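Inspection log for the structure reproduced underneath, given as structure tokens.
FYI, it's all coordinate maths here, none of it is from the lab. These numbers come from a predicted model, not from an experiment. Counting neighbours? That spans all protein chains shown, and the Cβs are built from the backbone with ideal geometry, glycine included.
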Amino acid sequence: MTHSTPEPTARGTVLVTGGAGFIGCAISPALVENFDRVIVVDSLHPQIHASGQRPAELADGAELVKADITSPDTWDEVLSDITPDVVIHLAAETGTGQSLEESTRHAQANVVGTTQMLDGLNRHGKLPRRIVLSSSRAVYGEGAWTDIDGKSFYPGQRTSETLDEQQWDFPGSTPEPMKASRTFPAPVSVYGATKLAQENIIQAWAKSYGVQTVILRLQNVYGPGQSLINPYTGIMSLFCRIAMGGKSIPLYEDGEVRRDFVLIDDVASAIVAGALSPTVQAQPMDIGSGEFQTIGTAARIIAQHYGAPEPHVTGQYRQGDVRHAWADVEDARKTLDWVPQYNLEAGIERLASWIDAQPDVKPY
Ligand SMILES: NC(=O)c1ccc[n+]([C@@H]2O[C@H](COP(=O)([O-])OP(=O)(O)OC[C@H]3O[C@@H](n4cnc5c(N)ncnc54)[C@H](O)[C@@H]3O)[C@@H](O)[C@H]2O)c1
């Protein structure tokens, strides 16, 4: 169901949690252009922000409050001063693999951080017009596959036993693109489960108070500005740093894992459209390039860029990783009037040029 408001939602105040991160910095110039005030609440998490200082990529006009979203005091301080018209909720712990070993940490930031924010908005009687959530394709887990008779089914989570036997796929079946209106969520990582919890909590809360929601399930975002020190996210940056050192990129499983790599510029335009669009829909929308590539293909393009040796298959795997993922982006196209612009080659070129220009970057 789509819902139209008569006037575009620009101007006023936008509050961005986690707004000093990769995606937050990328959307900040457009937010400064379209809103009167841009308030960023970010703890400058040491796993992402080596210096603990305001990132240079954050637009000058954005006001940064260094604070933890899980603390009620943060919300009392921030909301005593401002009334947000739109909230863009980006702050999260994002390590898929890491979330298995540090599930409480992920639940605390992603789930409790969300509920503390909502309680704060309520406590101060400052309900925004709209909340935009950056959710994740991780909510789908392995997603839906088509069996040999052409019927859709949910294969569930791959087990250690099948993975140890290097049985990567679901035999005789083919994967389907992920689409919120068609694919049921079934996360296979704690991170994915916390992102689904965020969606459910925000939707339940917002419906009760008549607040609009825009929930965007992002595929694998990459590009200039992604943390180069966080070992738990950003496979493309990691591949670049390996290739830069003249090494062969190791490929997990058989190198045929499919991902929808979407350039940060396309994700930024989708989130900004989510904040400004006169039209929204209650159902989550999928954001990606709309096409899949294998990890091996991405690694080969990067290796060629750096003149590194051919990537090699290791046969290793990582718990919580799904076999294939890519998005059907039709709903976002229609509802947000948004179209992804970049293909993988152009995106890798932009990422590599940015990495090469960084003063402190070290080969991996
Ligand atoms: N980058 C991707 O590929 C991708 C894919 C799907 C979904 N997402 C989602 O998009 C959002 C932003 O991701 P990103 O790639 O910019 O990540 P990021 O790690 O670069 O940014 C997250 C920001 O949140 C801040 N933060 C973390 N915990 C906090 C806390 N308790 N209080 C205040 N600030 C806190 C960090 O300091 C960081 O600046 C996340 O919600 C993530 O789940 C990202």
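If I build a Gaussian network model for the chain, linking alpha-carbon pairs within less than 10 angstrom, which residue out of Ile202, Ile287, Ile301 has the largest mean-square fluctuation? Maximum fluctuation in the GNM of the chain, among the listed residues, is at Ile301. Projecting the Cα positions of Leu218, Ala282, Leu228 onto the charge dipole of the chain (unit charges on Cβ atoms of Lys, Arg, Asp and Glu, taken about the Cα centre) puts Ala282 furthest along the positive direction. Across the stretch 239-335, the relative contact order, built from alpha-carbon pairs under 8 Å that are at least six residues apart, equals 48 percent.
Of interest is the spacing of the C-alpha centroids, which for the stretch 144-187 and the stretch 8-75 amounts to 37 Å. Any lysines with Cα under 28 Å of the Lys247 Cα? List them, leaving off those in the same chain fewer than 8 positions away. Within the straight-line limit of under 28 Å, Lys247 reaches these lysines: Lys362.
With the contact rule set at Cα under 8 Å and sequence spacing of 6 or more, what percent relative contact order holds for the stretch 190-304?
36
Exposure proxy ranking for His106, His49, based on other Cβ atoms within 10 angstrom of each Cβ and starting from the fewest, stands as His49, His106. Relative contact order of the chain, taken over Cα pairs closer than 8 Å and 6 or more residues apart, is 19 percent. Counting other Cβ atoms within 10 Å as a rough exposure proxy, the listed residues Ser181, Ser160, Ser135 run Ser160, Ser181, Ser135 from fewest neighbours to most.
GNM remark for the chain: springs join alpha carbons under 10 Å apart, and the peak mean-square fluctuation among Pro278, Pro46, Pro72 falls on Pro46.
Each of Asp73, Asp68 was scored by other Cβ atoms within 10 Å of its Cβ. Arranged with the fewest first, they read Asp73, Asp68.
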